[in-house]
Amino acid sequence: MMANKSHSVFSHFATLLAVLVLLICQISSAHAETNVRASVDRNQVSSEESFTLSLSADSILFSGEPDVAALENDFHIINRQQSSRTNIINGKVNSSRQWDYTLVPKREGTLTIPELPMGKYKTRPITITVSKAAKAQQAGNESLYMESDVTPRTAYVQEELQYTVKIFTSVNILDASLDAPELDNAVIEAAGEERYQTLINGRYFQVIERRYSIYPQTSGTLTIPALTLQARVEGYRPSMLDPGRLVVKRSGEHRVKVLPPPAEFKGSVWLPAKEIALEESWSKNPDSLKVGDSITRTVSIQAEGLLGSQLPALPTINLNNAKLYPDQPKIEKGDDKSQWTGIRSESLAIIPTRAGEFVLPEVRIAWWNTDSNKAEYAVLPERKFTVAPAVANDGDTQITAIDSPTLSDAVQQSDTLLSSDSIANKAKQIPSDLPTNNSVLWGVIAALILSNIGFAIAWWRGRSRVPASSATPPKDDNNEQKAFKSLEKSLKTKADHNELRAALSYWGLCYFKRSVTLSELGNAIPELSQFCQQLDAHLYSGQHFAIDASAVLDALKKFRNNRGKEKQSQPALAPLYQR
């Protein structure tokens, strides 16, 4: 019994020791991986405005305190706050400590927040630009008022105007509402909001600053009306029963002269901006391509001073000896860390069908520089790459070219029947530089010829035995309705591309009473043309794409409804086989 008790005490002691060792390891690891950072909420202020400096350490076990004595040289420290945070995600502990300092610059010019010691670490320096403070526009001693401004005062049509509204208050606002600007013949985008403090006539005011980007769409005089602020502020004698006093303020009205595009601009699309650049990226190195490989090239138009929706489509590319599958363009808005306000990206999947050198032409886009007031060009240089022959399974044969995917369709698609003559023609199209003694390749071709002859004989025999009406699905609308419901379910449940392809092909079979290809469906229903091309691209290149299920369903329903109302003398699709 004493032995069992000793064993139990020893077990508890061993467990406690293991926990302590684990904690010590975690503490050591936390100290070893500690990072410190310094950041500011804004790096451009006036001499009478405040901003916030944040110092952080990514470990709650960080025991040091920031040494901010060096800040006193160029800044007043008017407030200090400290906070800590711990998150546990999937058993992993993440913790941090942060110190926030509200600073007001002591002078104008370019000031530097120096390296600040945090224990044995140091933060990186930060540059602050301090401009001259604007004179207060308000006479008297108001505790709440508004200011607004727009720049530039003269601009071209579609050029970005920066409109700013500021609310100044030295009292607590209990509730407030501010109209958003509304303009005819102009596009307005919210560009952000900031809150800070500023010193006016010896008093500190809280400032709420809202920024908007305005893009006038017609030339002439653009009038930006006054905005109305309705606010309920703390009364002179605050109490729980006092709902506060109502204050109504209005900003100023502004007029901007909007000019038409200058006559000297010769571009096809008018693009007034501060900067426009072209950039390309590839899914892999294009010089490593072989015949039949797939690669995606993405070209982005990036603009400072324009929205992504204002940027034009890229010129269409025609590339011999390659199959091209364009994707839907992607329109983006630049974030706070980027200089670009608008981005348009276009992706193109390329599948080379022949070995050799390929040349993608230069992309050149004309635009108007609103800073220098002259025309410029964004240029993406010509791009050359070399495609190597593909290597066959035997390791010796090099395939320097492939035709369209018809040969593989004979194996992959059961609804495509190739005659022996078409197979022979395909054999004749094989480049003459392939080795003539390749028994494997010729064996495959012979097998295809024999198998298709067998298919043809079986088809003719079956045709003679079975009534003509049974060669196609029964002309029963129930079959088409069931097929459509199955297709609709596949789209709504986001089925994979192969399942969608099968469901779409089966519906086409039931609707048109014969087998149809995706290309024929795209021709019959133009709204589905691009969708069918993308499905084909996925089959041969494995390239995935986003499917707009609602758009596909709308196009199909519209087509079915229109076909049900019309009596057409000719079928929507040409017969697959001519008799």
- Task: Quick one: net charge around residue 378, please, counting Lys, Arg +1 and Asp, Glu -1 for every other residue with C-beta under 13 Å from its C-beta.
- Result: -3
- So what's segment 323-378 giving for Cα Rg divided by 2.2 N^0.38 Å, two decimals? 1.63
- Over segment 38-129, equivalent-ellipsoid semi-axes from the Cα gyration tensor in Å: 28, 13, 11
- FRET efficiency estimate (nearest 0.05) - Cβ-Cβ, residue 69 to residue 127, R0 25 angstrom: 0.80
- Length gained if residue 496 through residue 357 is fully extended, taking 0.36 nm per residue and subtracting the Cα-Cα distance, is 46.5 nm
- Task: Report residue 382's accessible area, 1.4 Å probe, all protein chains in place, as a number in Å² to the nearest 10.
- Result: 100 Å²
- Rounded to the nearest Å, what's the spacing between the alpha carbon centres of segment 338-378 and segment 145-221? Just the number, please. 34 Å
- Message: Once R0 is set to 45 Å, what does the formula 1/(1 + (r/R0)^6) return for the Cβ-Cβ distance between residue 281 and residue 485, expressed as a FRET efficiency to the nearest 0.05?
- Response: 0.60
- What FRET efficiency do you get for residue 558 and residue 201 if R0 is 56 Å and r is their Cβ-Cβ distance, rounded to the nearest 0.05? 0.25
- Query: With each label point set 7 Å from Cα along the Cα-Cβ vector, what nm distance links residue 58 and residue 77?
  - Reply: 2.5 nm
- Item | Cross-link table 284/374; 384/492; 333/494; 489/513, entries beyond 31 Å C-alpha to C-alpha | 284/374; 384/492
- Proximal charge balance of residue 215 [Cβ under 9 Å; K/R count +1, D/E count -1]: -3
- Task: Just reorder 250, 42 by solvent-accessible area, largest first, 1.4 Å probe, all chains present.
- Result: 250, 42
- Simple spin-label estimate for residue 217 and residue 88 in nanometres, 7 Å along Cα-Cβ: 5.5 nm
- Message: I need the Kirkwood Rh of segment 250-377: take the reciprocal of the average 1/r across all distinct C-alpha pairs and report it in angstrom.
- Response: 17.0 Å
- Compute the distance in nm between two label points, each set 7 Å from the Cα along the Cα-to-Cβ direction, one at residue 391 and one at residue 185. 6.7 nm
- Task: Can you bin segment 266-323 into rounded, prolate or oblate? Criterion: square roots of the alpha carbon gyration tensor eigenvalues sorted a ≥ b ≥ c, rounded for a/c under 1.5, prolate for a/b above b/c, oblate for the rest.
- Result: prolate
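The values are calculated or read from the model by the stated rules, or taken from the named source; none is laboratory data. Owing to the predicted nature of the structure, the values given are computational and were not obtained by experimental measurement. When we count neighbours, we look across all protein chains shown, and the Cβ atoms used for this are built from the backbone with ideal geometry, even at glycine. Ligands, DNA and RNA are excluded from the accessible area calculation, which covers all protein heavy atoms including side chains. Shrake-Rupley method; radii C 1.70, N 1.55, O 1.52, S 1.80 Å.
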